[in-house]
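For reference, the structure discussed in these notes is given below.
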Amino acid sequence: MEIKKVGVLGCGLMGAGIAQTAASAGFETTVREVSEELWQKGFAAIEKSLERFAAKGTITPEQQKQTRDRLFGTTSFDDLADCDIIIEAIIENLGEKQTTYRQLDAICKPETIFASNTSSLSITEMMAATSQKRQQRFIGMHFFNPVPLMKLVEVVRTILTAPDVYEDSVAFGKNLGKVPVRASDKTGFIVNRLLVPYMLDSIRALEEGVGSVVDIDNAMKLGCGYPMGPLTLGDFVGLDTTYYIAEIMFNEFREKRFAPPPLLKRMVMAGLYGRKSGRGFYDYTKDPKNPTPMNLV
Ligand SMILES: NC(=O)c1ccc[n+]([C@@H]2O[C@H](COP(=O)([O-])OP(=O)(O)OC[C@H]3O[C@@H](n4cnc5c(N)ncnc54)[C@H](O)[C@@H]3O)[C@@H](O)[C@H]2O)c1
């Protein structure tokens, strides 16, 4: 099946990026939000991003206009009924996602592929909320922030995904200009499966006094050629989000390497979420940033 018409659920950080990417790649894209105000807010973010690309000369003013013209905002599920694929990027809440999928399953054409952008929930558990026929047409498409710039998409299949649906979805990922990698529905897929234990280990190293915040970051940056150290990365992702994902992965695998270290838990309890709250391993309220003073022993 050739995918032509794209639906996106949610126009927050990820939904807006996905919608922009789809429309830029030439797909007619309908975006559903819970209120008109919210899809308009998302579209304003898209407009800003397109302006930046145009100013840099990455896209022409004509391409900017064409992308805009391919985007439609709505609050109605009915406008998604004839989409070939619907990519869901609503809040990370299983109940909310299942309710949404149940509603969509009842109105979408039988061929519509359902794709979730979840980072940590089980695709299989969401799939289970839909009818038996739809279950073969259910996948994960995990994009990375910021979506218009990040090349990777993890295309995830469950034990029931039909082979042709999976191949069509991988091809669609390429048509979006991304590099798709294939992964199975095990919590964390490929990237978080490898990245999360690494980030948690860096916090354990700090806890155990192996090195200071700055030295741990510099060691991994300069010793491994990583663009940023693991503690800076944690602040960037959000320590609350990191904690939440670690908990879910620990529940799935019951392995110590996924267990959130006590220091991470205490930083979250203390409101040190990273960049978004102004303080995490570093204090961003001052320029230049310095490590946040913490009593570690
Ligand atoms: N933030 C990231 O870096 C990142 C990366 C990869 C995947 N994800 C996943 O993407 C999803 C969205 O994350 P986000 O960071 O964009 O969140 P966000 O909070 O920025 O956006 C979520 C949006 O969904 C809307 N929404 C809620 N219920 C809805 C519904 N029933 N229909 C339509 N819209 C609805 C909300 O109004 C909100 O605007 C989550 O599943 C998250 O795990 C996030």
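The values are calculated or read from the model by the stated rules, or taken from the named source; none is laboratory data. This is a predicted model, so every value here is computed, not measured. Positions of Cβ are generated from backbone atoms using ideal geometry, with glycine treated the same way; all protein chains shown enter the neighbour counts.
Screening segment 102-125 for residues that are assigned to a helix (DSSP H, G or I) and within 10 Å of the ligand (Cβ to nearest atom) and picking the one that is farthest from the chain's Cα centre (by Cα) gives Gln103. When segment 17-45 is examined, which residues are found to be free of Cβ contacts under 8 Å to residues at least 60 places away in the same chain, part of a helix (DSSP H, G or I) and surrounded by 23 or more Cβ atoms within 10 Å (Cβ to Cβ)? Ala19, Ala23, Trp39, Gly42 - these are the residues of segment 17-45 that are free of Cβ contacts under 8 Å to residues at least 60 places away in the same chain, part of a helix (DSSP H, G or I) and surrounded by 23 or more Cβ atoms within 10 Å (Cβ to Cβ). For segment 246-297, filtering for residues that are small (Gly, Ala, Ser), outside any helix (DSSP H, G or I) and surrounded by 17 or more Cβ atoms within 10 Å (Cβ to Cβ) leaves 3. Restricting Ser131, Ser169 to residues that are away from the ligand (no atom under 11 Å from the Cβ), in the same structural domain as Gly15 (by TED's automatic domain parsing) and crowded, with 16+ Cβ neighbours inside 10 Å narrows the list to Ser169. So, in segment 73-100, of the ones that are in a strand (DSSP E or B) and of a type outside the set (Val, Ile, Thr), which residue ends up nearest to the ligand (Cβ to nearest atom)? It comes out as Glu88. In segment 25-62, the residue that is farthest from Gly173 (Cα to Cα) out of those that are of a type in the set (S, T, N, Q) and away from the ligand (no atom under 16 Å from the Cβ) is Thr60. A single member of Ser119, Ser131 is within 16 Å of Gly12 (Cβ to Cβ) and touching a residue at least 12 places away in the same chain (Cβ under 8 Å), and it is Ser119.
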